[in-house]
Amino acid sequence: MTLPTVHIVDDEPAVRSSLAMLVGCWGYDVQTHEGGPALLDSGQLDPVDIVLLDIRMPDMNGLEVLTHLRDRASTSPVIMMTGHPDQQMRSEAVKRGVNGFLEKPFQADELKIALQQVTR
Amino acid sequence: MNSLTPEGRQRRRLLDLMDCAPMGYAVLRRDGSLHYANRTLVGWLQADSLSLGRDTAFTDLLTRASRTYFDTHVRPLLTVAGTVEEIALELQSATGERVPVLLNASSHGSEEGEHLTQLALQRVVERRRYEKEVLSERRRAEDALAQLQDVQLQLVETMQINAMATLSSSLAHELNQPLTAVVATLAAVRHMMHNGPGSERLQLAIAEAEQEALRAGEIIRRVRSIGEGAVATATTITVAELIEGAIRSVGAVMPLRVSPEVSVRPANLQVHGNVLQLQYVLAALLQNAAEASAASVTPRVVVSATEEAGEIVISISDNGEGVDAGVRADLFRAFLSTKPQRRGISLANCRTVVEAHGGRISETDSADLGGACFTIALPERSGT
């Protein structure tokens, strides 16, 4: 079975590269993006592609990126990563069509399970 | 009467004038008894001149407190200095009414060799009323000042809470990023060396390192919850009042060189949230705008508030030099400031407060004024 591509969107280079290395170890194709605009400019996502999206980013926050994706009718699963989850943000993300949450720093197994759950 | 000499007539005329003078006048003998009291004074006391006979001591005409004061202070002073000025006393009339007066007095010997003391008494009813009004106003001012100090104290506490929340939030964000990278890298290394030589011991060591990094993440979460726990209650306030309060609070600390031009549409626009925290945000942005526009020949700060797509949008623009493009990306991060002697906590604080209210804060170039334009968007029914 071919695993989908995981798009890692985070403004922190160390987070991007380490997650790319880890996710790559599990057999996924990986693309990294330094922010929401870079992801959105990269072209139409395949519906099976998974987006691993940081929430707190300077140019465009994760919620805005999610809104843009859904506005473009993208059905790609989106897993949001945050270091400071709050209920209001969570419910807003759910309203906008998020598929999962990970609280930074998270265990590798948590990420693995989250990816498996949204893999189609 | 006609038998009086011209000198006698003149003396009589003077006594008549003295009797109806617009002030109380009395003469005391050495023992303090009344030698003479003019009709004005007798009128104040609601007595008749006959009842004020030789045996009447001046102190009998005073209230108890004034009598004590006269005996212990005024009389000794008259003996020593021969004169007193503007001594406040209270007379007590025959009907018990208190008559506040100011006393001027001097002691001297008469032509007949008698030692006399002249008293000139000025009624001070109006003055007392004014004094009471002044005292009452002073108490009101003191109460208002106490209230203001109370509000300022709350504001300082709010700022401290915000600073703590911002600090913990920023620390959480800044530390969680490298911790996430550390955990992911260790997990990747553990995966890569799977079944390699000596992998069992190394994997154990790496797993322990991962656990320690995760434990650090848990500590950060707990520290952050300290700031989150200290959130104040939310109420509803008109946006106009909110802005007015913010302008007042900035002006109280540092007089603004510019009067902000305020426009709120609709005028009864309301916002729900913690008033002190939101005022703190507006005050910080107003102060920044005022400072930025200060270098302009005609400094301008425009505050506008309106309702857009279910959000309350408040923007503060100035005609300063605007925000440098290189700084813009980090504008709301803690500990980054373009101003000397600033800790870079203010705008980060603003973001913490606005986000706690479920809103957003952003900065763009002001299309109208050419400087910076900070915009806060709050949900119509936001809360903390």
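Suppose the filter is of a type in the set (A, V, I, L, M, F, W, C), within 14 Å of chain B (Cβ to nearest Cβ) and closer than 25 Å to B:Ser168 by Cβ; does A:Leu102 pass it?
yes
When A:Pro77 is tested against (1) touching a residue at least 60 places away in the same chain (Cβ under 8 Å); (2) open to solvent by less than 10 Å² (accessible area, probe 1.4 Å), exactly one condition is not met: (1). Of the residues making up the range B:89-135, those that are within 24 Å of B:Arg29 (Cβ to Cβ) and assigned to a strand (DSSP E or B) number 22. Taken residue by residue, the range A:3-13 has no member that is farther than 24 Å from B:Leu171 by Cβ and within 9 Å of chain B (Cβ to nearest Cβ).
Checking the stated criteria, A:Gly35 turns out not to satisfy the condition of being surrounded by fewer than 17 Cβ atoms within 10 Å (Cβ to Cβ), within 14 Å of chain B (Cβ to nearest Cβ) and either in contact with an Asp or Glu (Cβ under 6 Å, 6 or more places away or on another chain) or closer than 19 Å to A:Ile113 by Cα (or both). In this entry, B:Ala184 is excluded by the filter for residues that are within 25 Å of the chain's Cα centre (by Cα), closer than 30 Å to A:Val9 by Cα and among the small types (Gly, Ala, Ser).
For the range B:169-209, residues that are within 7 Å of chain A (Cβ to nearest Cβ) and surrounded by 13 or more Cβ atoms within 10 Å (Cβ to Cβ) total 15.
Surrounded by fewer than 16 Cβ atoms within 10 Å (Cβ to Cβ) and under 26 Å from B:Glu131 (Cβ atoms), is that true of B:His73? For B:His73, the condition - surrounded by fewer than 16 Cβ atoms within 10 Å (Cβ to Cβ) and under 26 Å from B:Glu131 (Cβ atoms) - is met. Criterion applied to A:Asp41, A:Asp86 was being surrounded by fewer than 17 Cβ atoms within 10 Å (Cβ to Cβ), within 29 Å of B:Ala325 (Cα to Cα) and without any contact (Cβ under 8 Å) to a residue 12 or more places away in the chain, and the one residue passing it is A:Asp41.
On the basis of being within 12 Å of another protein chain (Cβ to nearest Cβ), surrounded by 14 or more Cβ atoms within 10 Å (Cβ to Cβ) and modelled with pLDDT of 80 or more, does B:Leu214 make the cut? Taking the combined requirement at face value, the residue satisfies it. Here B:Val327, B:Val323 are screened, and the one residue that is within 12 Å of chain A (Cβ to nearest Cβ) and either at pLDDT 80 or above or over 26 Å from A:Gln87 (Cα atoms) (or both) is B:Val327.
Tell me whether the range A:39-47 contains one or more residues that are farther than 15 Å from A:Arg96 by Cβ, away from chain B (no Cβ under 12 Å) and of a type in the set (Ser, Thr, Tyr). Checked against the condition, which is being farther than 15 Å from A:Arg96 by Cβ, away from chain B (no Cβ under 12 Å) and of a type in the set (Ser, Thr, Tyr), the range A:39-47 yields at least one hit.
Of all residues in the range B:352-363, those that are closer than 17 Å to A:Arg90 by Cα have Cβ atoms under 6 Å from Cβ atoms of residues that are open to solvent by 30 Å² or more (accessible area, probe 1.4 Å) and part of a strand (DSSP E or B), 6 or more apart or on another chain, in B:Gly358/B:Pro379. Within the range B:1-24, the set of residues being part of a loop (DSSP other than H, G, I, E, B), under 19 Å from B:Arg123 (Cβ atoms) and open to solvent by 90 Å² or more (accessible area, probe 1.4 Å) comprises B:Pro22 only.
Could you look through the range B:357-384, keep only residues that are buried (at least 21 other Cβ atoms within 10 Å of the Cβ) and of a type in the set (Val, Ile, Thr), and pick out the one that is modelled with the highest pLDDT? Out of the qualifying residues, it is B:Ile376.
The values are calculated or read from the model by the stated rules, or taken from the named source; none is laboratory data. Note that the structure is a prediction, hence the values are computed from the model and not measured. Don't worry about glycine lacking a Cβ; one is built from the backbone with ideal geometry, like all the others, and counts go over all protein chains shown. Heavy atoms of the whole protein, side chains included, go into the accessibility calculation; ligands, DNA and RNA do not. Shrake-Rupley method; radii C 1.70, N 1.55, O 1.52, S 1.80 Å.
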